[in-house]
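Below is one structure, written out as structure tokens, with a few remarks after it.
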Amino acid sequence: MLVKTIKKIINYFTINKNCLVCLKCDDLGKVPELPEINYSLRTMNINSQTDIDHWLEIMRVSFNRSNLSIKDFYDSVLQHPYYSVIETFFLVDDVKPIAIVSAAYFKNNNKIGVTHYLGISQQYKGQKLGKYMILYALHYLRKKGFSQCEVETYLNYKESLGIHFNFGFIPKTKFENWNTVDNSNLVSKILTNRALSKFYKNFKRNKNIN
């Protein structure tokens with residue numbers, strides 16, 4: 001009993017890898033231009049079972065979740081509690097979907113865009129396709145009239161953080177201004193956000209050095 005209590009206290013005062021972190025970009029006009037790429041893009045047909053199967057296949061590999069089902073697709077794309085998905089895009093090699101991303105906005109604030117659920121097929125990783133897909137979704141949101149965008153991720157997703165920092169995003173640490181709910185305890189949130197701010201400062205310093 002005592003051991004469990006001590007572990008609970010330690011966990012309460014620990015950076016929680018399951019705590020969300022939030023980044024923001026207040027001027028989508030400043031994001032980089034889209035580079036040339038060898039693949040094509042198309043819009044996902046959310047009413048097509050074949051396209052839903054492609055979505056599930058890519059997401060299962062990307063998130064190492066073999067148990068993803070069609071219900072997860074509906075919960076994540078069509079009936080998300082916080083996001084209204086505008087479009088979902090496939091990156092296609094010939095006719096084969098190899099990567100996916102959604103562009104959405106917050107139900108709580110429909111003036112702020114959000115990129116959602118990036119996934120890449122295993123054999124196509126390492127080609128900077130994730131960077132391209134995020135950038136494509138940001139350009140799409142800009143064309144739709146959004147000037148502000150946010151992204152929610154986790155502290156251990158260092159590559160995602162670095163990509164967004166390169167696109168002009170900065171940490172958003174004021175919880176009262178968040179457009180979704182994070183159920184992590186307050187102490188873990190504060191510690192996690194401090195770690196995020198430190199990572200951002202180190203990122204900027206290293207970028208200036210290079």
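Given the structure, is ARG205 over 14 Å from CYS19 (Cβ atoms), assigned to a helix (DSSP H, G or I) and touching a helix residue (DSSP H, G or I) at 6+ places or on another chain (Cβ under 6 Å)?
Values: over 14 Å from CYS19 (Cβ atoms): yes; assigned to a helix (DSSP H, G or I): yes; touching a helix residue (DSSP H, G or I) at 6+ places or on another chain (Cβ under 6 Å): no.
Considered against the rule, which asks whether it is over 14 Å from CYS19 (Cβ atoms), assigned to a helix (DSSP H, G or I) and touching a helix residue (DSSP H, G or I) at 6+ places or on another chain (Cβ under 6 Å), ARG205 comes out as no.
Consider GLU159 against the criteria (1) of a type in the set (D, E, K, R); (2) in contact with a helix residue (DSSP H, G or I) (Cβ under 8 Å, 6 or more places away or on another chain); (3) not in a helix (DSSP H, G or I): it satisfies all of them except one. Which criterion is unmet?
For GLU159, the failing item is (3).
Quick one: would you say ASN67 is touching a residue at least 40 places away in the same chain (Cβ under 8 Å) and farther than 22 Å from LYS128 by Cβ? Walk me through how you get there before you give the answer.
Working: touching a residue at least 40 places away in the same chain (Cβ under 8 Å): no; farther than 22 Å from LYS128 by Cβ: yes.
Judged against the criteria, ASN67 is not a match.
Quick check on the stretch 102-128: of everything there that is farther than 18 Å from PRO35 by Cβ and charged (D, E, K, R), which residue is surrounded by the fewest Cβ atoms within 10 Å (Cβ to Cβ)? It would help to see each step written out before you state the result.
Here is the first cut: in the stretch 102-128, the ones farther than 18 Å from PRO35 by Cβ are 102-114, 116-117, 119, 121-123.
If we keep only those that are charged (D, E, K, R) too, we end up with 107, 111.
On the way: LYS107: 13, LYS111: 10.
Across the stretch 102-128, the extreme among qualifying residues is LYS111.
Mind listing just one residue for me: the one in the stretch 61-101 that is surrounded by 15 or more Cβ atoms within 10 Å (Cβ to Cβ) and among the aromatic types (Phe, Trp, Tyr) and, of those, modelled with the lowest pLDDT?
Going through the qualifying residues, I end up with PHE73.
Could you check how many residues of the stretch 53-112 are of a type in the set (Ser, Thr, Tyr), closer than 18 Å to LYS143 by Cα and out of contact with any Lys or Arg (no Cβ under 6 Å at 6 or more places or on another chain)?
Residues flagged as of a type in the set (Ser, Thr, Tyr), closer than 18 Å to LYS143 by Cα and out of contact with any Lys or Arg (no Cβ under 6 Å at 6 or more places or on another chain) within the stretch 53-112 amount to 3.
Given the conditions (1) touching a Gly at 6+ places or on another chain (Cβ under 9 Å); (2) farther than 28 Å from GLN148 by Cα, report the number of the one that PHE106 does not fulfil.
(2)
Can you name every residue in the stretch 168-195 that is under 15 Å from LEU23 (Cβ atoms) and of a type in the set (Asp, Glu)?
ASP182, the sole residue that qualifies.
Closer than 28 Å to VAL181 by Cβ and part of a loop (DSSP other than H, G, I, E, B): does that describe GLY130?
On the way: closer than 28 Å to VAL181 by Cβ: yes; part of a loop (DSSP other than H, G, I, E, B): no.
No: the conditions fail for GLY130.
Here are some residues: LYS158, LYS131, LYS189, LYS172. Which one is of a type in the set (Lys, Arg), farther than 26 Å from ILE46 by Cβ, surrounded by 14 or more Cβ atoms within 10 Å (Cβ to Cβ) and under 16 Å from the mean Cα position of the chain (by Cα)?
On the way: LYS158 fails: surrounded by 14 or more Cβ atoms within 10 Å (Cβ to Cβ); LYS131 fails: farther than 26 Å from ILE46 by Cβ; LYS189 fails: under 16 Å from the mean Cα position of the chain (by Cα).
The match here is LYS172.
Please determine whether any residue of the stretch 3-23 is modelled with pLDDT of 90 or more, out of contact with any Ser or Thr (no Cβ under 9 Å at 6 or more places or on another chain) and either β-branched (Val, Ile, Thr) or closer than 30 Å to VAL187 by Cβ (or both).
no
Looking at ILE58, ILE37, ILE46 in this structure, which one is touching a residue at least 60 places away in the same chain (Cβ under 8 Å), in a loop (DSSP other than H, G, I, E, B) and surrounded by 12 or more Cβ atoms within 10 Å (Cβ to Cβ)?
Values: ILE58 fails: in a loop (DSSP other than H, G, I, E, B); ILE46 fails: touching a residue at least 60 places away in the same chain (Cβ under 8 Å).
Answer to the check: ILE37.
Looking only at the stretch 64-92, how many residues end up being under 21 Å from VAL181 (Cβ atoms), of a type in the set (A, V, I, L, M, F, W, C) and not in a strand (DSSP E or B)?
Looking only at that region, the number is 2.
The values are calculated or read from the model by the stated rules, or taken from the named source; none is laboratory data. All values derive from a computational prediction rather than experimental measurement. Heads up, the Cβs are rebuilt from the backbone with ideal geometry, glycines too, and the neighbour counts pull from every protein chain shown.
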